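The values are calculated or read from the model by the stated rules, or taken from the named source; none is laboratory data. What you are looking at is a predicted structure, and each value in this text was computed from that prediction instead of being measured. FYI the Cβ positions are ideal-geometry reconstructions off the backbone, even for glycines, and counts take in every protein chain you see. All accessible areas refer to the heavy atoms of the entire protein, side chains included, with ligands and DNA or RNA removed. Shrake-Rupley method; radii C 1.70, N 1.55, O 1.52, S 1.80 Å.
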Amino acid sequence: MKPWIERLRDLEEVLALPDPRPAISAYHDMPYAIFHYNPEEEFLFRKELDLLSTRLENKGKRVTRISLAYLLDRAMQSPVSWKDLIEGEKSVGLSEAIETVSEILATHQPLPDLVGEAMPADADPTQDVVFLWRTGALFPCYRTFALLEQMKGKVLVPTILCYPGTLDGPAGLRFLGVLGADHNYRPKIF
């Protein structure tokens, strides 16, 4: 496989197309793809994502970047604060704290709903491009596979999940290179 910086350039060519949806997904109700990169290169990737966003905007695209770290923090404002979670972890342990965050993101403040609210209101599939980034913040509480599956049919514009992880076979990804690989990803992996 090509180095991630070369794959990012390939992705740029696709996203610059007048309508990139057919090139990033074979599914009409899933106009999104995954861009994976080495987790150790997170800060270099962020710099390159800034540059890519600027280049796409210069080509007439409207780029929206949705930070999953920000959405996680927003979700944790209610019903449990970070302070409460940290205090709770001291008494009940890490596993219970992780389960609490997972439960919040699954039911109390569903992450797919938060992502949907952050999408451009007047989205145009031929003009808009969305990047879901800062994905590593979800580790180990929330698997991105669940997010992508629940976004099916709700996302209308080309959306790229920026995935810090390693490729495992042709369609498997290991979140941060640590968790066991999910091999059920249907979106195209760049």
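See the values below:
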item: Failed condition for GLY88, given (1) over 21 Å from the mean Cα position of the chain (by Cα); (2) under 23 Å from PRO164 (Cα atoms); result: (2)
item: Meets criteria (within 18 Å of MET151 (Cβ to Cβ) and part of a helix (DSSP H, G or I)) for ALA123; result: no
item: Filtered residues of the stretch 89-129 (kept if small (Gly, Ala, Ser) and in contact with a strand residue (DSSP E or B) (Cβ under 7 Å, 6 or more places away or on another chain)); result: ALA118
item: Failed condition for LEU105, given (1) modelled with pLDDT under 90; (2) assigned to a helix (DSSP H, G or I); result: (1)
item: Checking PHE145 against (1) under 12 Å from the mean Cα position of the chain (by Cα); (2) crowded, with 19+ Cβ neighbours inside 10 Å; (3) hydrophobic (A, V, I, L, M, F, W, C); (4) closer than 22 Å to HIS28 by Cα, the condition it does not meet; result: (2)
item: Which numbered condition GLY172 fails, given (1) more than 24 Å from GLU57 (Cα to Cα); (2) open to solvent by less than 40 Å² (accessible area, probe 1.4 Å); (3) touching a Lys or Arg at 6+ places or on another chain (Cβ under 6 Å); result: (3)
item: Single residue of the stretch 67-78 satisfying the filter (open to solvent by 40 Å² or more (accessible area, probe 1.4 Å) and not acidic (Asp, Glu)) that is farthest from ALA137 (Cα to Cα); result: SER78
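Every residue, every condition in (1) of a type outside the set (Val, Ile, Thr); (2) crowded, with 16+ Cβ neighbours inside 10 Å; (3) under 30 Å from HIS28 (Cβ atoms), yes or no:
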| residue | (1), (2), (3) |
| --- | --- |
| VAL80 | no, yes, no |
| GLU89 | yes, no, no |
| GLU96 | yes, no, no |
| MET119 | yes, yes, yes |
| THR135 | no, yes, yes |
| LEU138 | yes, yes, yes |
